[in-house]
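Structure, as structure tokens:
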Amino acid sequence: MNYRKLGIFMGKKTIKLVFLLIVVCIASFWIVEQSPIDPVRAYIGEMSIQPEQKAKLEEYWGVNTPAHEKFLNWAENILKGDLGTSLIYRMPVTDVVKERFAASLLLMASSWLLSGVLGFILGIVAGMTNGTLIDKAIKVYCYILLAAPTFWLALIFLLIFAVNLGWFPVGLSVPIGVASEDVTFFDRIHHLILPTITLSLLGVASIAMFTREKLIEVMSSDYVLFAKARGEKGFDLVKRHGIRNVALPAITLQFLGFSELFGGAVLVEQVFSYPGIGQAAVAAGLRSDVPLLLAIVIVSAVFVYSGNLIADIIYEFVDPRIKQQEMKT
Amino acid sequence: MTNTSQINVEKRGKTEALLKVKDISLSFTQYASGLRQTDLKVISNLSMEAYSGEILAVVGSSGSGKSLLAHAILGILPSNAKLSGAMEYDGHDLTQKKKEELRGKDIVLIPQSTTYLDPLMRISSQIIGSVDAKNADSRMKLQREIFRKYDLKPEVERMFPHELSGGMLRRVLVSTAVMRSSKIVIADEPTPGLDENNLNETLSYFKDMANRGYAVILITHDIEAALKISDKIAIFYAGTILEIANTDDFTGEGEKLRHPYTRALWNALPQNKFRAIKGHQPMQDEVLEGCFFYERCSTRNEVCSKCVPDLKICNGGMVRCNNVS
Amino acid sequence: MSTTVVTVNRGLFNGFNLRQKTILLISCLSMLLISIVVSSTFIDDSALSTDFGSKNLAPSLEHPFGTDWMGRDMFIRTLGGLGLSIVIGALASSISTVLSVILGLLSSIGKIEDSIVSWLVDLFLSIPHLLLIILISIGLGGGATGVIIAVALTHWTSLTRVVRAEIKQIKTQEYIHISRNFGRSRWWIAKNHILPHLVPQFVLGTIVMFPHAILHEASVTFLGFGLSPHQPAIGIILSESMKYLSAGYWWLAFFPGLSLLIVILAFDLIGENIGKILDPKRAHE
């Protein structure tokens, strides 16, 4: 791999990310600023309050400061690494995000892997048996999964496996009432399985459909035609030429799916009461925790961007065809 | 090149054709705009024969379905293709099953461009093909031997297809054909846009193969190149073969040629009269009742517009024309 | 001999060709969706009145989808929810289509406009879609209007990309150059030469957008943003059902979600089959 080129590439991408984050910050701040949310009301909830206390809080939250000044204050704090204080968790936003995002990352990573592997295998099988009953069954399965609301699937899974069969806990990432140091590795896994499977289902469908189409396209390409003419056939032909040419685009697509993965995690975490960043985002939105919501928006933008970046790197540096084109020019 | 690749190619008697293509037709079912189903006929009632130790050139204009003829012989047509007629190889029926057995062994293809090589696979893996560990070594040795013969540097085997220059690519493609001790080589448009030197070099490979006993089918749009090395020329027009002529029939003003189209092609060459014929080939979706060349023929008569002329043997060649007896 | 039989006239509808089958399928599915919308408007309030005498009933002939804790018939609630979902989906995807038409045409005017549009697309795709909808609907003060506008404002990206690519292709055509040479303005060309070619794309794009819009609306509603608990939206129904899962009232979640799935599937199939008619290459599979 050409390290100098990679360095320049990464430099450009970093500048792009910084620019993007600035715009995302300004835009999302402006959007919530339009909202008729009263931060003081959000902070104190339904409690009644003395007028002088209210004035104090208003000053603290900057209710009466002009929007641009508020933004500059907020932006300055962000640059210092201070994302503010969460209204609902009553602790620094940075801590909330760190803890929640770690939990979500575990969930998203495991279902990302599961959906990638499962989807790829299903797609290869469907593509190889193109037109047969097996292919049709896989296609119907994928269509249904793509049309199914994620949160409904989560509900049904919860109903069957947790409520009726009792195989899995109904919610949370750890058992209730157990001190965090007593939570075993097994407990974590046990609480992770059902959300992971649910979240991976949607990804399975899209990657399987993509792999199927791509494999059919590759198998009708000139080079597979010529490989057939040279006497290659059967699964060996698919393995040597099909999978080789489908794998890279499929992996790239899987990285481009970070945005959907995050969205799915929001819904799945909500249903399984899994204390991840998605659940925090919903809570922050419903209870007008502006600092937390903005922080989650920024984190999610970085998350999506890193997925796209990895896809770009695969495209630019791993695929041997691209390397060559650059050398020629 | 010593032993392995040229063994078992014994010179056959020229009396019996190694490959006989008898009256094949090929059509595709397609959906046009609005999902109306149409049948596209690409090859109709085509017959030809290939002999060991001979080069048969199939000459026709680009995009007229010549490649599909090669794919039909190898049994690698797409699934919406309908093929009828019969083929015979070495005296036996060439069924789809038989084709699958023979391709890559007895019958090999030399494709036309770099798109026929797997873009993500190194050259040597593609030339050697899928082999078990036992045979890998001997195949690797054979491949290196062939590379030396075709003047390909050893590092080429580690390259990816896009890294090859045009000249290397052509020699690599030819190498794939001589890896197996085959009997029939079908070369699909092997000389696109080559300069004089490269053209002669490439053609010499085929001449060499024929001399070693292969039956070579050279599919090309370049009649001049075909005339340089071929023994017989088959004229492909509108999905069928109008004439099969011996190469030495192409002399003078084409008096020995049997079909008016062949004569016109011959006379269109720069060194001859340089006179192009008017009109164009019928489109593939046109339904033709009579002779395919009717529209452009200078000697046509009423019968020609009514039914397709039969293929007749005439002066050591074959022709599909009513005005020849 | 290799004679591959083309399997056109096999399967469920023997005797029809692919074109007829496709049109038949599209009409049946459209009828289904239209009848859902029409019948949902005829639901009168008495059908949804509370009746504690018949609460939490499992599905039966009288109540095919069962009843909820207030004795309301779940079938009628679901029907109403689907109707609402389709109407919201229609509204949101038409607004999104109009947006992509405008942005697509804008990008055809010049280089600067084009990079602005593609930058906007990238910006909208940089945040997870669901989170973006939540953010915008909060900015708009929530409620049904907030959700509809948020859904409408975020679904134009993919169609805009399609339109941009299509326009790039049309612009290479000869007659566009001739028209420029006649001194027509860029906007005039966009309106008179490019727009008409894009109509099929818009129709297809709108239909393909529908299921996404509906699913997002239902998701956001399910999470508690947007529609009020009194409206019979599918998201609300499912979110309520969560409280009764442990009690074993499975029908509260199962049937409404399944119905939504069927509606989404119907839209997907319509989109796919119209796509086949417009672009026959896709029919060969």
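The values are calculated or read from the model by the stated rules, or taken from the named source; none is laboratory data. Computed from a prediction, not measured in an experiment: that's the story for all the values here. Every residue, glycine among them, receives a Cβ derived from its backbone with ideal geometry; neighbour counts consider all protein chains shown.
Within segment B:62-103, the residues that satisfy the criterion of being without any contact (Cβ under 8 Å) to a residue 24 or more places away in the chain and assigned to a helix (DSSP H, G or I) are B:HIS71, B:GLN96, B:LYS97, B:LYS98, B:GLU101, B:LEU102.
Filtered by the rule that a residue be within 14 Å of chain A (Cβ to nearest Cβ) and assigned to a helix (DSSP H, G or I), segment B:147-162 gives B:ARG158, B:PRO161, B:HIS162. Only one entry of C:SER94, C:SER30, C:SER35 meets the criterion of being in contact with a helix residue (DSSP H, G or I) (Cβ under 9 Å, 6 or more places away or on another chain), in a helix (DSSP H, G or I), at pLDDT 75 or above and more than 30 Å from C:ILE116 (Cβ to Cβ), and that entry is C:SER30.
Remark: B:LYS66 matches the filter, which requires a residue to be at pLDDT below 90, under 13 Å from B:ILE186 (Cα atoms), among the basic types (Lys, Arg) and buried (at least 17 other Cβ atoms within 10 Å of the Cβ). Looking only at segment A:292-322, residues that are surrounded by 23 or more Cβ atoms within 10 Å (Cβ to Cβ) and away from every other protein chain (no Cβ under 11 Å) come to 2 in all.
Would you check if B:THR299 is touching a helix residue (DSSP H, G or I) at 6+ places or on another chain (Cβ under 8 Å) and either of a type in the set (D, E, K, R) or part of a loop (DSSP other than H, G, I, E, B) (or both)? Judged against the criteria, B:THR299 is a match. Note on segment B:302-325: residues that are among the basic types (Lys, Arg), closer than 15 Å to B:ASN45 by Cβ and assigned to a loop (DSSP other than H, G, I, E, B) total 1. Set side by side, the residues C:LEU99, C:LEU125, C:LEU91, C:LEU106 differ, and just one is among the hydrophobic types (A, V, I, L, M, F, W, C), in contact (Cβ under 8 Å) with a residue 24 or more places away in the chain, surrounded by 16 or more Cβ atoms within 10 Å (Cβ to Cβ) and under 18 Å from C:GLN201 (Cβ atoms), which is C:LEU99.
When A:GLU232 is tested against (1) within 21 Å of A:ASN308 (Cβ to Cβ); (2) over 15 Å from the mean Cα position of the chain (by Cα); (3) charged (D, E, K, R), just one condition goes unmet, and that condition is (1). Tell me, yes or no, whether segment C:258-269 has at least one residue that is in a loop (DSSP other than H, G, I, E, B) and small (Gly, Ala, Ser). No - not one qualifying residue is present in segment C:258-269. In the set (1) at pLDDT below 90; (2) touching a helix residue (DSSP H, G or I) at 6+ places or on another chain (Cβ under 7 Å), C:GLY142 fails one condition alone, (2). Scanning segment B:182-226 for residues that are among the small types (Gly, Ala, Ser) and part of a loop (DSSP other than H, G, I, E, B) yields B:SER182, B:GLY193, B:GLY213. Remark: A:GLU217 falls outside the filter, which requires a residue to be in a helix (DSSP H, G or I), assigned by TED's automatic domain parsing to the domain that holds A:ALA147, over 22 Å from A:ILE138 (Cβ atoms) and among the charged types (D, E, K, R). So in segment C:204-230, with the set limited to residues that are closer than 20 Å to C:ILE136 by Cβ and polar (S, T, N, Q), which one is surrounded by the fewest Cβ atoms within 10 Å (Cβ to Cβ)? Going through the qualifying residues, I end up with C:SER228. The one condition from (1) touching a Lys or Arg at 6+ places or on another chain (Cβ under 6 Å); (2) of a type outside the set (Asp, Glu); (3) within 11 Å of another protein chain (Cβ to nearest Cβ) that A:ALA284 does not meet is (1). Checking each residue in segment A:215-238 for being more than 9 Å from every other protein chain (Cβ to nearest Cβ) and either closer than 15 Å to B:ALA177 by Cβ or without any contact (Cβ under 8 Å) to a residue 12 or more places away in the chain (or both) picks out A:GLU217, A:GLY234.
Under 6 Å between Cβ atoms, which residue pairs at least 6 apart in sequence (or on different chains) link something in segment A:118-132 that is within 14 Å of another protein chain (Cβ to nearest Cβ) and without any contact (Cβ under 8 Å) to a residue 60 or more places away in the chain with a partner that is part of a helix (DSSP H, G or I) and crowded, with 17+ Cβ neighbours inside 10 Å? Between residues of segment A:118-132 that are within 14 Å of another protein chain (Cβ to nearest Cβ) and without any contact (Cβ under 8 Å) to a residue 60 or more places away in the chain and residues that are part of a helix (DSSP H, G or I) and crowded, with 17+ Cβ neighbours inside 10 Å, the close pairs are A:THR129/A:ASP135. Among the residues of segment C:210-257, the ones that are at the interface with another protein chain (Cβ under 10 Å from one of its Cβ atoms) and not in a helix (DSSP H, G or I) come to 8 in all.
Do we have C:ILE194 as surrounded by fewer than 21 Cβ atoms within 10 Å (Cβ to Cβ), away from every other protein chain (no Cβ under 12 Å) and closer than 24 Å to C:LEU120 by Cα here? For C:ILE194, the condition - surrounded by fewer than 21 Cβ atoms within 10 Å (Cβ to Cβ), away from every other protein chain (no Cβ under 12 Å) and closer than 24 Å to C:LEU120 by Cα - is met.
For segment B:82-104, the count of residues that are within 10 Å of chain A (Cβ to nearest Cβ) and in contact with a His (Cβ under 9 Å, 6 or more places away or on another chain) is zero. A count restricted to segment A:239-272 and to residues that are facing chain B (nearest Cβ under 8 Å) and surrounded by fewer than 18 Cβ atoms within 10 Å (Cβ to Cβ) stands at 2. Check segment C:69-77 and report whether any residue there is crowded, with 19+ Cβ neighbours inside 10 Å, more than 13 Å from every other protein chain (Cβ to nearest Cβ) and closer than 30 Å to C:ILE194 by Cβ. No, every residue in segment C:69-77 fails to be crowded, with 19+ Cβ neighbours inside 10 Å, more than 13 Å from every other protein chain (Cβ to nearest Cβ) and closer than 30 Å to C:ILE194 by Cβ. Based on what the data block shows, is C:GLN201 within 26 Å of C:HIS63 (Cα to Cα) and surrounded by fewer than 24 Cβ atoms within 10 Å (Cβ to Cβ)? No; evaluated as a whole, the condition is false for this residue.
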